[in-house]
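Visitor: Sending over a structure as structure tokens; questions will come in a sec.
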């Protein structure tokens, strides 16, 4: 897991970054297409260790490579626990999400009550 030396300035910040896959406009497409598709599934996980936009890009790239993933939204809390919301065509297992995040060099952590 990165030590925060990626490009973090040491100053914790809070950003929301929305990653859209290539070819997506970020808006709902053709109404006919919309009727043919199933409702998307939203999965939210907490990820530790991300400090900057490059970290967000790395995690997003790995998650977007999973089959059925349509979008990845990251609420970056630099130096803390970031919230990652994955929108997909089907439910994703926690293990496949965890493996993708680990491949990027970060760790999915449990939600604290």
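The values are calculated or read from the model by the stated rules, or taken from the named source; none is laboratory data. Please read these numbers as outputs of a predicted model, since none were measured by experiment. Every residue, glycine as well, gets a Cβ built from its backbone with ideal geometry; the counts of neighbours run over all protein chains shown.
Visitor: Select from region 81-105 the residues that are farther than 15 Å from residue 44 by Cβ and in contact with a helix residue (DSSP H, G or I) (Cβ under 6 Å, 6 or more places away or on another chain) and write down the one among them that is surrounded by the most Cβ atoms within 10 Å (Cβ to Cβ).
Guide: Looking at the filtered set, the residue picked out is 104.
Visitor: For the structure I just gave you, tell me whether residue 101 is assigned to a helix (DSSP H, G or I), on the phi < 0 side of the Ramachandran plot and touching a strand residue (DSSP E or B) at 6+ places or on another chain (Cβ under 8 Å).
Guide: yes
Visitor: Among what's in region 51-71 and is in contact with a strand residue (DSSP E or B) (Cβ under 7 Å, 6 or more places away or on another chain) and not in a helix (DSSP H, G or I), pick the residue that is surrounded by the fewest Cβ atoms within 10 Å (Cβ to Cβ).
Guide: Here the residue is 68.
Visitor: Ok, one more. What do you reckon, is residue 78 crowded, with 18+ Cβ neighbours inside 10 Å, under 19 Å from residue 110 (Cα atoms) and modelled with pLDDT under 95?
Guide: yes
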